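The values are calculated or read from the model by the stated rules, or taken from the named source; none is laboratory data. A quick note: this is a predicted structure, and the numbers were derived from the prediction, not measured. Using ideal geometry, Cβ is built from the backbone for each residue, glycine included, and neighbour counts are taken over all protein chains shown.
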Amino acid sequence: MTEEDANHDIQWMLEVKAGNKESFRKIVEKYQQSLLNFFHFMHANSQEAEDLTQDTFLKVYLYREKYSPKAKFNTFLFRIARNTGIDYIRKKKAVPTDFEDDLLEDNKETHDFEEENEKKRELKKVVSELPEKLKNVVVMSYYQERKYQEIADILEIPLGTVKSRMNYAMKLIKEKIDRKKSDE
């Protein structure tokens, strides 16, 4: 994200704070898919991802009066999203599920891509099985292409913790994939 994009987001949110609904629509359009992807990886169920995305935007709108551009807007947004996901897990005591069925439905591509899709499904399944703290870092880094500092800001943890969680997550992912290959 460029500095100009970040400034647009802050400006839009300040306009939302002042009552401009069109600016809120722009924010929703810009970030809806990113939030859906985030929740899809966290919770695996497409309907839950949509519900959690809507809840996040509702909270952003409700918190608009308290918004202050101390950090990038997307840090503010994904911190709310993360907390929304945590609240959901606590309320439902949900355990992330295997979302292979959703992926199979979404990946009806030609035969040439079957092997690649299988590898992607396997990787996503392994990531979905990681402990929540590790999964958050992997999803934000690899699937949302966020920088470590931004992840640290969103999760409200030190940069070094992000790096160590990423290293540990990569080690676990490699071990699980190697174990699956040796079992075959």
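Would you please list the contacts, defined by Cβ atoms under 7 Å and residues six or more apart or on different chains, that run from a residue in the stretch 64-90 that is exposed (fewer than 14 other Cβ atoms within 10 Å of the Cβ) to a residue that is part of a helix (DSSP H, G or I)?
Matching pairs, first to second residue: 65/17.
For the stretch 119-149, give me the residue count where each residue is more than 17 Å from residue 85 (Cβ to Cβ), among the acidic types (Asp, Glu) and under 15 Å from the mean Cα position of the chain (by Cα).
Residues meeting the conditions: 1.
Using beta carbons and a limit of 6 Å, which pairs, at least six apart or on different chains, have the first residue in the stretch 1-29 and more than 14 Å from residue 58 (Cα to Cα) and the second one among the basic types (Lys, Arg) and surrounded by 15 or more Cβ atoms within 10 Å (Cβ to Cβ)?
What qualifies is 6/72; 12/26.
Out of 5, 9, which single residue is within 21 Å of the chain's Cα centre (by Cα), exposed (fewer than 15 other Cβ atoms within 10 Å of the Cβ) and farther than 30 Å from residue 126 by Cα? Working first, answer last.
Details: 9 fails: exposed (fewer than 15 other Cβ atoms within 10 Å of the Cβ).
From the options 5, 9, the qualifying one is 5.
Look through the stretch 37-61, keep the residues that are at pLDDT below 90 and of a type in the set (A, V, I, L, M), and return whichever of them is farthest from residue 78 (Cα to Cα).
Per the criteria, the residue is 44.
Identify, by number, the condition in (1) within 26 Å of residue 141 (Cβ to Cβ); (2) within 20 Å of the chain's Cα centre (by Cα) that residue 61 doesn't meet.
(1)
Here is a list: 107, 20. Which entry is modelled with pLDDT of 75 or more, over 18 Å from the mean Cα position of the chain (by Cα), of a type in the set (S, T, N, Q) and surrounded by fewer than 17 Cβ atoms within 10 Å (Cβ to Cβ)? Walk me through it before giving the result.
Numbers: 107 fails: modelled with pLDDT of 75 or more.
Within the list 107, 20, the selection yields 20.
Residues checked against (1) hydroxyl-bearing (Ser, Thr, Tyr); (2) modelled with pLDDT under 85; (3) in contact with a helix residue (DSSP H, G or I) (Cβ under 8 Å, 6 or more places away or on another chain):
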| position | (1), (2), (3) |
| --- | --- |
| 81 | no, no, yes |
| 91 | no, yes, no |
| 123 | no, yes, yes |
| 135 | no, no, yes |
| 158 | no, no, yes |
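Is there any pair linking a residue in the stretch 138-164 that is in contact (Cβ under 8 Å) with a residue 60 or more places away in the chain to one that is aliphatic (A, V, I, L, M) and surrounded by fewer than 16 Cβ atoms within 10 Å (Cβ to Cβ), with Cβ under 8 Å and at least six apart or on different chains, and which?
Listed pairs, sorted by first residue: 153/71.
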